[in-house]
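Inspection log for the structure reproduced underneath, given as structure tokens.
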Amino acid sequence: MRFSSTTLLVVLFTVLISSNFAKAQGQSGINLNTAEALASYTLYETEPMVYLVDNCGQLINSWNVGLTFHHPKLLPNGNLLFIAGPFTIRELDWDGNVAHEVSHDDLELSIEYEVITLPNQNYLCAARRNLSQSGFIELGYNWDGTTSPNVTDGVVEIDRETGEIVWEWNTRDHVIQQRDPSANNYGILADHPELLNLDAISKFDWTFHESFMINSMDYHPEFDQIVISLRKISEIAIIDHSTTTEQAAGHTGGNSGKGGDLLYRWGNPQNYGRGDTLDRQLFFQHNPNWITHGPNTGRMIIYDNGLNRPLDGEEDYSTVPVISLPVDENGVYTLEEGEAYGPAFPFVRFSPQETNTQFFSSYTSGAELLPNGNVFITEGRIGRLLEVNPSGEIVWYFRAPLSSFLYRAEKYPLDYPAFAGRDLTPVGPPPDTDSTYDCMLITSTGEPEGSTLTANYHPAEQLIRLQNGSGNGLSWKLFDSQGRFLRSGQSDFQQVEVSLANLPNGMYVVQAEDLVSGKYAAKKVVKYY
């Protein structure tokens, strides 16, 4: 079907969809693209490949990163940054060549999950340091005679050029337990919200080798602070990066004057004796990150996985809370005597209850606030990538093919510096994508002034009858309610019948164009039997 360049408005179709769609897994590739979605490119991983796609799900670029990697990011210079192994950080250029690589030589330490480029161009990484069972018992860990962790979690800064670890913070230096006065690190939890409770480490998640499990983090350059996700205790926490390594292992120094102690924490105040089960907000979360644009600047957004969430006959669900931090312009966090860190409730939360947004992934996943005010969600367990508007309605939906336990995808606006001067011509859908989505859709239904085209649904015959009052022939396209192209046709006659007989009940959109004048119309029809 052809379209006149003077009458084609835009290549997007806007339609609201039901909550049932939000529960559907969908086909691989693009499932929905509406005019409310951010004009952007999306980066996702399917080992050993990383793909960059446009809003139509068409492939823009790809990189082969190997079989061992963690969460690739696209840097402003166009390089792909990722952790290539327990000791190695690698950057590939736009064409897939190794642009930079560095390794550290501390065999007792492995880097995991997250790497961030700091303003000084060094790398900030989540890390794990080996510790024996007896070492954990010395810390005050309550060994039950069966299993115990064998790594402590931390954050390291690695020199970009030499691989030297130039700064380190580790959980082992900031722990407490209230169970046994005769064991090390005993103290009253409520008196020490700056410390991590060893007895809060969950064994529900799995009895793997992690302890507190830092599974993601973000960096605040103005405050020189790091937020970490401590999955195994269902909390996020903020630490001071302005310290030396020696100060980070202690309780004084740095901009905060508190060394490596926690500056702030949120999600589960039971862990520090200032709350109960009703005060818990997070359930094995991922991806806390500061919002850096728009009216929500300074707030924090989190993906709350919802694993082991108490349910009252409901299906399992994840949420995305946005919280207002109790912080001043100097990065100092307010904590009232004897109280838990605020806020008591999120500023807003995307969930089945609050926004009718249904999604669930017990592991991996992430969320970020986009420049247009929408939220981008990685539902990692099944590789669903969703963009939802402030009301929680899904406005863009892509499902990564052959992907499970997708750690986190990233969305970049069209003006992101990495794309400047690049050839961004789509080359077709990514491999293993079974989507047949057609992005050539107009922004709304209706008839522009002067159009002679009409469309009427005849339920008894299960067909749409298109009529061109000008007497000219016409062409047509049919789309489902999710904006996906179904079929098309063209006729030299002024009347055409479009059958819906083999299609399920629901809403459809038929778009038609006069073959002579180029005038067009687009109509919604509902098949109900």
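The values are calculated or read from the model by the stated rules, or taken from the named source; none is laboratory data. Keep in mind that this is a model prediction, so the values were computed, not measured. Don't worry about glycine lacking a Cβ; one is built from the backbone with ideal geometry, like all the others, and counts go over all protein chains shown.
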* Got at least one residue in region 240-250 being under 21 Å from residue 322 (Cα atoms), assigned to a loop (DSSP other than H, G, I, E, B) and in contact (Cβ under 8 Å) with a residue 40 or more places away in the chain? -> no
* Asked: Among the candidates 61, 120, which residue alone is among the polar types (S, T, N, Q) and part of a strand (DSSP E or B)?
  -> 61
* Asked: Does residue 365 meet the test of being under 27 Å from residue 405 (Cα atoms) and crowded, with 21+ Cβ neighbours inside 10 Å?
  -> yes
* Structure fact -> The residue from 272, 341, 317, 303 that alone is over 28 Å from the mean Cα position of the chain (by Cα) and closer than 28 Å to residue 365 by Cβ is 272
* Asked: Is it the case that some residue within region 407-415 is surrounded by 15 or more Cβ atoms within 10 Å (Cβ to Cβ), under 19 Å from residue 301 (Cα atoms), basic (Lys, Arg) and out of contact with any Pro (no Cβ under 7 Å at 6 or more places or on another chain)?
  -> yes
* Asked: List the pairs whose first member sits in region 324-339 and is over 16 Å from residue 272 (Cβ atoms) and in contact (Cβ under 8 Å) with a residue 12 or more places away in the chain, whose second member is surrounded by fewer than 15 Cβ atoms within 10 Å (Cβ to Cβ) and of a type in the set (Gly, Ala, Ser), and whose Cβ atoms are under 7 Å apart, counting only residues at least 6 apart or on separate chains?
  -> 325/298
* Given the residues 294, 306, which is the only one that is surrounded by 16 or more Cβ atoms within 10 Å (Cβ to Cβ), of a type outside the set (Lys, Arg) and touching a strand residue (DSSP E or B) at 6+ places or on another chain (Cβ under 9 Å)? -> 306
* Could you list all residues from region 89-125 that are within 19 Å of residue 229 (Cα to Cα), among the hydrophobic types (A, V, I, L, M, F, W, C) and in contact (Cβ under 8 Å) with a residue 60 or more places away in the chain? => 116, 118, 124
* Do you know which residues across region 177-229 are of a type in the set (S, T, N, Q) and either in a loop (DSSP other than H, G, I, E, B) or more than 29 Å from the chain's Cα centre (by Cα) (or both)? -> 177, 178, 182, 184, 185, 202, 207, 211
* To do: Look at region 64-78 and say how many of its residues are at pLDDT below 95, part of a loop (DSSP other than H, G, I, E, B) and under 15 Å from residue 114 (Cβ atoms).
  => 1
* Structure fact -> Note on region 347-356: residues crowded, with 18+ Cβ neighbours inside 10 Å, at pLDDT 95 or above and either of a type in the set (Phe, Trp, Tyr) or not in a strand (DSSP E or B) (or both) are 350, 351, 355
* To do: For region 483-524, enumerate the residues that are assigned to a loop (DSSP other than H, G, I, E, B), closer than 28 Å to residue 434 by Cβ and without any contact (Cβ under 8 Å) to a residue 24 or more places away in the chain.
  => 502, 504
* Structure fact -> Only one of (1) under 29 Å from the mean Cα position of the chain (by Cα); (2) free of Cβ contacts under 8 Å to residues at least 40 places away in the same chain does not apply to residue 134, and that is (1)
* Asked: Would you say residue 36 is buried (at least 16 other Cβ atoms within 10 Å of the Cβ), at pLDDT 90 or above, among the charged types (D, E, K, R) and not in a strand (DSSP E or B)?
  -> yes
* To do: Select the strands (runs of 3 or more DSSP E) contained entirely in region 261-346, then report the ones holding at least 1 residues which are of a type outside the set (Gly, Ala, Ser) and farther than 19 Å from residue 212 by Cα.
  => 286-290, 300-303, 320-323
* Asked: Being among the acidic types (Asp, Glu) and modelled with pLDDT under 95, is that true of even one residue in region 144-166?
  -> yes
* To do: Can you run down the residue pairs with Cβ atoms below 8 Å, 6 or more apart or on separate chains, where the first is in region 364-384 and of a type in the set (A, V, I, L, M, F, W, C) and the partner is crowded, with 24+ Cβ neighbours inside 10 Å and part of a loop (DSSP other than H, G, I, E, B)?
  => 376/409; 377/359; 377/365; 382/361
* Asked: If residue 199 passes every condition in (1) surrounded by 19 or more Cβ atoms within 10 Å (Cβ to Cβ); (2) in contact with a strand residue (DSSP E or B) (Cβ under 7 Å, 6 or more places away or on another chain); (3) of a type in the set (D, E, K, R) but one, which one does it miss?
  -> (1)
